[in-house]
Each structure stands twice: as C-alpha cells, then as structure tokens.
Amino acid sequence: MNSIIQFASRLIRGQTADTDAVHKFHGGVHPDGQKQQSTSAPIKKLAIPERLVLPLRQHVGYIPKIKVQVGERVLKGQMLAEAEGTLSAAIHAPTSGTVAAIGEEIIPHPSGLPDMCITLTPDGLDEWTTLHPVDWRNTDKKTLVANLRSSGIVGLGGATFPTHIKVRADGRSGIHTLVINAAECEPYITCDDMLMRERADEIVKGMEIVKFLLGAENCIVGIEDNKPEATAAMAEACKALPGTSVKVVPTLYPSGDARRLIHLVLGMEIPHDKRSTDVGVQVFNVATVLAIYRYFAYGEPAVDRIVTITGSVNSPRNFEVLFGTPLQTLIDAADGTKPGTTHFIMGGPMMGFDLPTIDVPITKAANCIIAATPDLFAPPPPAMPCIRCARCADACPVNLQPQELYWFSKSDNFEKARDYNLFDCIECGCCTYVCPSNIPLVQYYRYAKSEIIAADKAKEAADLARERNEFRLARIEREKLERAQKHAERAAAGKADSAKTADAVKTDAVKTESATAESAKTEQAKTAPAKPATETPAATASADDAKKAAIAAAIERAKALKAAAQSAEPQKKPATADTAGSSQPAQAEPAHAAEQTEADQAKADQAKKDKQALIAAAIERAKAQKLAAAQAGIAPRNVEDASPAVKAEISEIDAIREKARQAAKAQDSDPEA
Ligand code: SF4
Ligand code: SF4
C-alpha cells in the first residue's frame, strides 16, 4: 500500500527519479524549512553596484597573488589575483572598471576583522575581456585541470574548496560515481533549488564535463523531497546524460553533508579516517558544476553566484549577484528589511554565522543572507546543567556522544575529547538543536578544536625546534670527529716521516759500516795475494773470514786510538810543550806523563802552601799597618790583639815613617833642594 502511495506521489510531482534505493543515516533533525518565501519569484540578475569589494580570502587555502595595480582599468573576467600554490583560487573582475584600492576591508567573517581586498569602481560598461571557451572533449585532461585552476571556481555549496583539487589531471582518479549535491538541507536556503528549476540543462552539461574529468561511470543527483519542481527539472534534463539518475532523499537535516548524502544515495558509510574518494565517490555541488560548464562552454570565470536573501526582508528571492557586491545593495534589491530586523546571518540558521556588520561584500561562500529578528531567531535561553538525557546522541548524524564531548571540552580535557572523535564532528548543530538544557554544544566543540589545533601547532613547532637543535648538536659532533680524524692523520704522517728519517740514519750507518768494511777489504786486498778469476765456495768463505778479521782489527785499532786520546787529553798541554819537536815514540808518552803529573802535583802543593803563607803575612801586615795608622793618629789603634811580631813590625814601620817625615822636613827647609 505504501509503495503505491509513494509511486502516486511521484507521479503527482512529475518525478522520474528513483527513491527506492535511498538509505537512512543515524540521527538528523527536522527544522522548519522556511523555503517557500524565496522561491515564489524567479532568479533576478542584480544590477551592477557602484563599488565592488573583492576579498582575496574567498576560499579554503592560500590567498592568491595580486596581478593588478591601483588605477588600472580592468575588463570583466580579467584575472585580478592568481592562484598561489596548489590549494588556492584566482579572483576575477566581476565587471569592467578601475581598480580603486588594494587594502584592508571588513570581510564577511565571524571575527569581523578586516582582510586584504581589491576594490573596483565599475564603469557601467560591463565589457568582457577576451574569453576562451574550451573544447573539452578534444583537450587532454591535464590542460583542462590547469584551465580549471585559472577559473577561480570553488565549491559554491559553502565549503569554498578550490574545484581543480577535486579532479585528477591524469584521469586516473579511481572515481566510479559522481554524486551531485542538490539536497540543500538547511532551512531558508533556496539558491540551488531555483538554479535547478531554471537551469537544469546547463547543470547537466556541467555534470557531463565533471564526469569526463573524473572518469566516473555513474552520476547520481541527490535532491531532498521538498523540491519537487527542481527534481522534475533535473530528472528531465538528466535524460540527456546516460548513466545518470536522480535520487530523492527524505528532508532531513543534514542530508546535504557529503558523507550523509553518499550514505543516502549509495548506502555506503565512509570510515571516519577515510575520504569519499577512497571509496571511489566524489561529490560536487549543483551550482559548482554549472559554473564549470559556463567556464568551459563560454570561457567565463567565476564572477557571480546565486544568492538567497530571505527572512525579515520585504521581497525575499534569489538574485544573481556579482562577487564583491555590498550587502546593502542586495538588501535594497529585496526592497529592504522589515521593522524589527536586528542582524543578518550568512548561510543557513544551522551552520551559518551572524555578520558583524552590514558593510560586507558578497563572496563566493555567500549562498544565503537571512535578515533576522527576535521572532524568527529568538536569543537562546540561558544554558542549564546537562541532565544526561542523551537526546544529543540520538540526533548526532556522526554517531558521536555529544554530551561526553561537552564534558571533556568544558573541563579542558582535550585529549579525552580527541579520543572521543571530536574531530569527526561536522558542527551541524543537531545536538544543540535538540538539547533541552539549551547548552551551546557546538561552541564548546569549536573551542576544544581550536585549543587542540593550537596545542598541536605549538608541539609541532617545539618538535621542529628540537629536531633543529639535535641536528645542530649532531653537526657539532661530526665536525669534532672530523677535526680529531684530521689531527690523527697529521700525527700518523709525522710518525711516518720520523720513521723515514730513522731509516735514513740507519741506512747511513749501514753505509758507513759497509764503507769501513770495504776499506778494510781494500787494505787486506792490498796485502793479500791476487785472487783467482773464479772463486769456489770455500774461497768465498775464506774471503768472508778475512773480511771479518780485518773489520775486527780495524775496530780494535780505533778503540785503542780512542783510549789513548782520552788518557792523553789532560796532559795534552804539558805534553805538547815537553814533547814538541821530540822524536820519542808514542808508546813512551803515558809513563812520562805520569812522572810529570807527580812533579806538577808537588809543585801545586808547594804553591798552595806559599800562597797561604803569603796570605797570612799579608793579613799580619794589614794588621800592623792598621796599628801604625792608629798610633800616627790616622786611624784608631787597636794593637792589643796583635802578636809581638806584628807589634815589632808596626814599630819598625812607624820608625820608617818618622824618618821619612824628618827627611821631608829637612828638604822643605833647604831652598836649593
Ligand atoms: S541533550 Fe543536552 S542535556 Fe541532554 S545529554 Fe545532551 S547535552 Fe545533556
Ligand atoms: S554538532 Fe557534532 S556532535 Fe553535535 S550532532 Fe553535529 S556532529 Fe554530532
């Protein structure tokens, strides 16, 4: 009966899609869709504003490199900033005009902080640059992916992941199924819904290109069952693309999460530590494939997107908005806000964030702007203690234990939170949505994640510093060893030189000995009879013996000469004096020298005695002179200790002196003297 009702329902909706093979994931919530307000009018192209502010940071990854200067005129589609690094996306001019400024402006981010932006003043001409459509069917995939890198296209579902990263240049991606995410599960957002309703053919053409780039065999479009018109349009358009089907999935938040959608349409649960590509599935947003089609078919880079403006505005609808358009322009296009509007939310009410100011531009991530009032979004009541009801666990689509994660995050037990797979949390907010205690659980998870990431980065930096230090120490140690090795080598070289010198000395000694022996041999040869021309062994032995005897004789002679020289050395002088010109033989010299030595010794003894006597006499004389001087009044006299002989001598000296004085007087008195 149920299947009949479902089939009838599909017929009523005009669906040709398959809903039978849809699977259910754990958890999820059913918030009020609030989609009808913005789907009553078709997509409208927003007029070119007076000013465009293009943040460089509009995607996940590195900011692009600026290619223009202030004052430069640019054309629509001209590249303003080039993708820098692998994970980056280019920025293009949304219309023709002049670069008015390059500097910091407030960007749509929860922090409300400014970031680098290019400000453009449109000239109103909307003049395109030269566009280069690509014949993708006849172009190699490597070129296509390189082109895609220049397109500036990112995931337009809100993730803003650079699209060229998701396709492999070699075509060997291993992807067998392309899943088109058209679930659009967040309340209020209808941009994808309207896009499918109005541009299904172009979307399917984009799917064909992506399928070709991935090498995928199958393609499945996953649409929630609250979009019957879009489903019908896509089902019709998909007939043109073989191997493609549309699957209608139940309206259940967060069906639009890539893993949840894969589970819904394929029944595959991807392990938490794996990616969808690991199991051969790649997911593209429906708006992204449309942008890819326009780029390859017309050469148009990413310059605009469909944005839903809804909530507390007078005319909620979807607009085709140039990137960089001020939010105020969009609000004006929606005929302004209703009374009581307090703030604006970018994204959906589940995963979006409150804009810090209205003075921000529309970026690639801006799929929806909701004008909020307290009636629509009542401020959360004060949080109360957790009552362990486990409703959060029932609602969690990732099968986590949100209440445990909450406790660990609140108590800063981050490692425990990590152990409980905190990083598997997709921050969908289902747990917060169902919590009866109004605990802002997702905020706790974001806090814990940021703390863990910061700690990991600090640890990484510390590890890097430690590695550097270890490397430095290793280098110092290596240099020390190298120096020691060099020293050892130098020392070994020095030893080798010494050994060489010693060998040389030894060789010289041997040579000298040899020469001596040779000399002796010559001497012997002189006295020996002439040898026969040929020598027998016996004759040779006899010659050796003779040689040895000659050497021994020579050594003995040398010894005798040396001993004689040593013994002759002390008497060399006298002997020379005595024996000069003597014809006595050398053998008589030692006896003569001995006699001479005894005589000299006696003489020396006598001389010593004489010297001592002379010294004693001199002392006595000195004493006597001293006494005489004292008696003459020249010096104090102290003759008490003098011997009688001294005293007599003193008296004699005194008498002589007296005589000399008398004579001097007499001479002085004689004028002729
Ligand atoms: S839903 Fe709220 S109160 Fe209930 S267990 Fe989870 S955190 Fe606690
Ligand atoms: S926010 Fe995280 S913990 Fe909460 S339901 Fe979603 S995935 Fe689970």
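The values are calculated or read from the model by the stated rules, or taken from the named source; none is laboratory data. The structure displayed is predicted, hence computed values, not measured ones. For neighbour counting, all protein chains shown are included, and Cβ atoms are generated from backbone atoms with ideal geometry for every residue, glycine included. Note: accessible area is taken over every heavy atom of the protein model, side chains too, but ligands, DNA and RNA are not part of it. Shrake-Rupley method; radii C 1.70, N 1.55, O 1.52, S 1.80 Å.
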Filter the helices (runs of 4 or more DSSP H) completely within the range 250-342 down to those with at least 2 residues that are open to solvent by 30 Å² or more (accessible area, probe 1.4 Å) and farther than 30 Å from K24 by Cα. 286-298, 327-333
Across the range 201-249, what is the total count of residues that are part of a loop (DSSP other than H, G, I, E, B), without any contact (Cβ under 8 Å) to a residue 40 or more places away in the chain and either closer than 17 Å to F296 by Cβ or open to solvent by less than 50 Å² (accessible area, probe 1.4 Å) (or both)? 2
Residues in the range 142-158: is at least one in a strand (DSSP E or B) and either at pLDDT 90 or above or open to solvent by 40 Å² or more (accessible area, probe 1.4 Å) (or both)? yes
Hey, among the residues in the range 343-378 that are of a type in the set (S, T, N, Q) and crowded, with 21+ Cβ neighbours inside 10 Å, which one's farthest from H92 (Cα to Cα)? N367
Looking at the range 490-497, can you tell me whether even one residue there is open to solvent by 60 Å² or more (accessible area, probe 1.4 Å), within 16 Å of ligand 1 (Cβ to nearest atom), charged (D, E, K, R) and at negative phi? no
Among the helices (runs of 4 or more DSSP H) lying completely within the range 395-487, list those that include at least 1 residues that are more than 16 Å from ligand 1 (Cβ to nearest atom) and either over 33 Å from the mean Cα position of the chain (by Cα) or in contact (Cβ under 8 Å) with a residue 40 or more places away in the chain (or both). 414-419
Just checking, does the range 359-367 include any residue being near ligand 2 (Cβ under 10 Å from one of its atoms), touching a residue at least 40 places away in the same chain (Cβ under 8 Å) and touching a strand residue (DSSP E or B) at 6+ places or on another chain (Cβ under 6 Å)? no
Could you go through the range 61-70 and let me know if any residue there is of a type in the set (S, T, Y), open to solvent by 60 Å² or more (accessible area, probe 1.4 Å), closer than 25 Å to A365 by Cα and free of Cβ contacts under 8 Å to residues at least 60 places away in the same chain. yes
If I go through the range 374-430 residue by residue, how many of them are within 10 Å of ligand 2 (Cβ to nearest atom) and among the β-branched types (V, I, T)? 2
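Residue by residue, here is whether (1) under 30 Å from T310 (Cβ atoms); (2) polar (S, T, N, Q) holds:
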{"site": "F377", "(1), (2)": "yes, no"}
{"site": "P382", "(1), (2)": "yes, no"}
{"site": "N399", "(1), (2)": "no, yes"}
{"site": "Q403", "(1), (2)": "no, yes"}
{"site": "Y406", "(1), (2)": "no, no"}
{"site": "R418", "(1), (2)": "no, no"}
{"site": "L422", "(1), (2)": "no, no"}
Please indicate, with yes or no, whether at least one residue in the range 366-380 is in a loop (DSSP other than H, G, I, E, B) and under 22 Å from A258 (Cβ atoms). yes
When residues of the range 439-475 are filtered for being open to solvent by 50 Å² or more (accessible area, probe 1.4 Å) and within 14 Å of ligand 2 (Cβ to nearest atom), how many remain? 4
